[in-house]
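Every read-out reported here was derived from the displayed coordinates using simple, explicitly stated rules and does not represent laboratory data. Note that this is a predicted model, so its numbers are computed, not measured. Positions of Cβ are generated from backbone atoms using ideal geometry, with glycine treated the same way; all protein chains shown enter the neighbour counts.
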Amino acid sequence: MTNRLEVESAIKQLPESEIRALVNWLQKYLDEMWDRQIEADFVAGKLDHLIAKAEADIATNNVQYLDEVLRNS
């Protein structure tokens, strides 16, 4: 298989249980990719400004509980 359309065609031939197993694997794979990207961004310093802002907000007690944020959005 060399392209997405071929993969889609192959997936359509699988039984439902195999498709569900594939979906679970794919989600786990995407989660791992996300984790690696966050780690790389952290090591590269790309998150430093966000961390500094969060620390400053905590130091000045400029924070809200998550349920308050969600309720107001």
Q | Relative packing of 63-73, 37-47, which averages over residues the other C-beta atoms within 10 Å, highest first | A | 37-47, 63-73
Q: Calculate, for N3 and V43, the FRET efficiency according to 1/(1 + (r/R0)^6) with r their C-beta to C-beta distance and R0 25 Å; round to the nearest 0.05.
A: 0.15
Q) For the range 4-71, what class follows from the C-alpha gyration tensor (a ≥ b ≥ c being the square roots of its eigenvalues): rounded when a/c is under 1.5, otherwise prolate if a/b is larger than b/c, else oblate? A) prolate
Q: Could you work out how far apart the two model spin labels at E55 and N24 are, taking each label as a point 7 Å from the Cα in the direction of the beta carbon, and quote it in nm?
A: 4.1 nm
Q: With everything on Cα atoms, drop me the angle between helix 48-59 and the longest principal axis of the chain, reported from 0 to 90° to the nearest 10.
A: 50 degrees
Q | Residue with peak Gaussian network fluctuation, the chain [Cα springs, cutoff 10 Å], from K53, K12, K28 | A | K12
